[in-house]
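The values are calculated or read from the model by the stated rules, or taken from the named source; none is laboratory data. All figures in this text were calculated on a predicted structure; none of them were measured in a lab. Methodologically, a virtual Cβ is constructed for each residue, glycine included, from the backbone with ideal geometry; neighbour enumeration extends over all protein chains shown.
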Amino acid sequence: MNFLNKYNYIAALLVTILLSACGGGSSESSNPTTGTPPDTSTPPDTVPDTSNHAFSITANDGLPPLLTDKADKNEHLSAGVATTTIQNNDAYSQAIPAIVQQPERDAVFKAGDHTFRSNHDGEGPLFNNTSCQGCHIKDGRGEVPSSSDEPMMSMFLRVGDSKGRIDPIYGDQIQVFGVIEGKSGPILAKYQGAINEGLSYGEAYTWVEYETQQGEFSDGESYTLRKPIYKVKDLAYGDFNEDVRLSARVTPHVYGSGLIESIPESSILVYADPNDSNNDGISGRAAYTSQPITGARELARFGQKAVTGSILQQISGAYRGDMGVTSSLNPEEPCTNLQPACDQQALRENNRHHNGVDLNNIDLAQVEFYNRTLAVPKRRGFDEASNTWNSDVLAGRGLFYKANCHSCHVPRHKTGKALGSVLGDVDLLQIKETKTNITALEDLVIYPYTDLLLHDMGGSCDVTRELASGESCTSGEQCVYVQRCDGLADGRPEGDATGVEWKTPPLWGIGLVKTVNPKATFLHDGRALTIEEAILWHGGEALAAQKSYINMTKAERSNLQAFLNSL
């Protein structure tokens, strides 16, 4: 234990002893403050909860401590004044109220929305979908195909090896569709079609099958989980590298992204504990990346393995990787040096109107603004008239803290500056040299339930080549790549993340996932049909929290689910 942690431990212990003699009440979560005056609205008999390392990590947002048994005054407003009251299937697609009240900026939001939903010139030669909205369905999650006969449209497989290197032929992502001159519509993969015919077929056909896993809660009630098995066939450009690893991704929601981007780096780093110095089993790590225009080193906070540092970097990468749409930030087509058929098709694209790329900077900046200013839905389970929470939601909130879920899914943050786009201020017709802050995102108390750090979620993976019968094979059209994993691992390092690490996803809005899209599922690869299944898949650093859930009574599990559904 280092000196600071030892000092905090002794101080917290003394406070606990002193206040226990006075009949202490509410307990703190993992977000106490240091160096700031106490909030006079906080009861003076608050007792720090030393069972969840509340005393050893500190926030520098100047806010009073979160209490484990009493919700914040405005906790029902997930994003403060940037919260939307819409609760239907358009809940994820609303502009921040302050943007709606500014006609010029609202017009840019609507223009970005239109571009987000639209197809583009120059799509391909390789792609997974033809629009942003096609993947981020109604600005929410994508879908797992309902059968192996449906190609992946709003999920995909990343590809590489166990050392984090991309595949020399297929790059970092399998695009299932191609473009062939003279043929209409997306073209699926054909085994060695790009090699034998010189045509830009889709790279490969990918699908998922499931094995059933049975489990049991401590009270004897059983549960069932789906264990995914990922398969790849019809490789159009030849075999993968010999150490191939696959990583399935269902597209995540995009609402609230601008608020996430506006959390100060220092407020995130305070939760990092890569060496688990407080011995609580949680060792979140910060990931870093390079800003694509300036090259500056910046905290990575987007992508399911935290590989991009800004919304602009995230969307420009998605345009190129998911749609084959180039931009000033990503001007190269998604063809590798070993894909001549792709290169030949790219030469046929007519992108002369956008300085040699498919998407001009005005459209790109408008989509960036749209993503940055999407609101977050307000909570359910709160009666504003009486200023009270439903009892099950409040009880579930306490269980969330008791199970230590908040150590990764940090409930509360405060936004800082929301700098203008590095592209410049955009209106309907032009980009200006000015870069004006988006003040509607600034200085807000928000409740995203994430630390934006990398965590080891446990597991391991194995890749084989098999025939349909299950027999092993080494080559040929009938020889399928098969990846099986235990736990949540994908075995594929990316950026600063290892093959067992994932960024903590925000939980806000999770209770409306099925309202917005009844076909949507949960976790990074959509394996979990319900929130409960998602909890049960937690391992690694989150194994203790998962076991805590398994040991809850049925009533307690119901309360915890009520809380999560209220988010």
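Confirm whether V108 is over 22 Å from the mean Cα position of the chain (by Cα) and not assigned by TED's automatic domain parsing to the domain that holds I446.
Working: over 22 Å from the mean Cα position of the chain (by Cα): yes; not assigned by TED's automatic domain parsing to the domain that holds I446: no.
For V108, the condition - over 22 Å from the mean Cα position of the chain (by Cα) and not assigned by TED's automatic domain parsing to the domain that holds I446 - is not met.
Within the range 498-544, take every residue that is assigned to a strand (DSSP E or B) and more than 21 Å from D280 (Cα to Cα) and give me the one that is farthest from the chain's Cα centre (by Cα).
By that ranking, first place goes to A528.
Going residue by residue through the range 142-152, is there one that turns out to be of a type in the set (V, I, T), in contact (Cβ under 8 Å) with a residue 60 or more places away in the chain and out of contact with any Lys or Arg (no Cβ under 9 Å at 6 or more places or on another chain)?
Step one: filter the range 142-152 for residues of a type in the set (V, I, T), giving 144.
Those left that are additionally in contact (Cβ under 8 Å) with a residue 60 or more places away in the chain: 144.
Imposing the further condition that a residue be out of contact with any Lys or Arg (no Cβ under 9 Å at 6 or more places or on another chain) reduces the set to none.
Checking the range 142-152: not a single residue is of a type in the set (V, I, T), in contact (Cβ under 8 Å) with a residue 60 or more places away in the chain and out of contact with any Lys or Arg (no Cβ under 9 Å at 6 or more places or on another chain).
Give the residue that is nearest to G511 (Cα to Cα), with candidates limited to residues of the range 63-84 that are of a type in the set (S, T, Y) and under 23 Å from the mean Cα position of the chain (by Cα).
S78
Considering only residues that are in contact (Cβ under 8 Å) with a residue 40 or more places away in the chain and under 22 Å from N241 (Cα atoms), which ones fall in the range 452-477?
Passing the criteria: S460, C461, V463, S475, E477.
May I ask you to say which residue of L564, L488 is at pLDDT 95 or above and outside any loop (DSSP other than H, G, I, E, B)?
Of L564, L488, the one residue that is at pLDDT 95 or above and outside any loop (DSSP other than H, G, I, E, B) is L564.
Within the range 545-561, can you find the residues that are outside any loop (DSSP other than H, G, I, E, B) and not hydrophobic (A, V, I, L, M, F, W, C)?
Q546, K547, S548, Y549, K554, E556, R557, S558, N559, Q561, listed by residue number.
Kindly evaluate D121 against the criterion of being among the acidic types (D, E), closer than 23 Å to I315 by Cα and modelled with pLDDT of 95 or more.
Judged against the criteria, D121 is not a match.
Tell me which of these H353 doesn't satisfy, since it passes every other one: (1) modelled with pLDDT of 95 or more; (2) not in a loop (DSSP other than H, G, I, E, B).
The number of the failed condition is (1).
Out of the range 163-190, which residues are farther than 27 Å from G499 by Cα, in a loop (DSSP other than H, G, I, E, B) and in contact (Cβ under 8 Å) with a residue 40 or more places away in the chain?
Within the range 163-190, V179, I180, E181, P186, L188, A189, K190 qualify.
Exactly one of (1) touching a residue at least 60 places away in the same chain (Cβ under 8 Å); (2) among the polar types (S, T, N, Q); (3) buried (at least 20 other Cβ atoms within 10 Å of the Cβ) is unmet by T206. Its number?
(1)
Scanning for something outside any loop (DSSP other than H, G, I, E, B), surrounded by fewer than 19 Cβ atoms within 10 Å (Cβ to Cβ) and in contact (Cβ under 8 Å) with a residue 60 or more places away in the chain, does the range 239-256 turn up at least one residue?
no
Given the condition part of a loop (DSSP other than H, G, I, E, B), polar (S, T, N, Q) and crowded, with 24+ Cβ neighbours inside 10 Å, answer yes or no: does some residue in the range 373-395 qualify? Show your work before the answer.
We begin by selecting, within the range 373-395, every residue part of a loop (DSSP other than H, G, I, E, B); these are 373, 375, 378-381, 384-387, 390.
Going one step further and asking which of them are polar (S, T, N, Q), we end up with 373, 386-387, 390.
Add one more test, that the residue is crowded, with 24+ Cβ neighbours inside 10 Å, and what stays is 373.
Yes, the conditions are met somewhere in the range 373-395.
Residue check: is A403 buried (at least 19 other Cβ atoms within 10 Å of the Cβ) and under 19 Å from Y255 (Cβ atoms)?
Against the criterion (buried (at least 19 other Cβ atoms within 10 Å of the Cβ) and under 19 Å from Y255 (Cβ atoms)), A403 does not qualify.
Please determine, by comparing only the residues of the range 504-533 that are farther than 15 Å from C135 by Cα and of a type in the set (V, I, T), which one is surrounded by the most Cβ atoms within 10 Å (Cβ to Cβ).
In this case the residue turns out to be T504.
Only one of G160, G193, G122 is touching a residue at least 12 places away in the same chain (Cβ under 8 Å), of a type outside the set (A, V, I, L, M) and under 30 Å from P505 (Cβ atoms); which?
Matching residue, one of G160, G193, G122: G160.
Look through V108, V208, V159, V144 and report the one residue that is part of a helix (DSSP H, G or I) and touching a strand residue (DSSP E or B) at 6+ places or on another chain (Cβ under 9 Å).
The unique qualifying residue is V108.
If we scan the range 134-141, do we find a residue that is assigned by TED's automatic domain parsing to the domain that holds R320 and either farther than 27 Å from A520 by Cα or out of contact with any Ser or Thr (no Cβ under 7 Å at 6 or more places or on another chain) (or both)?
Yes, the conditions are met somewhere in the range 134-141.
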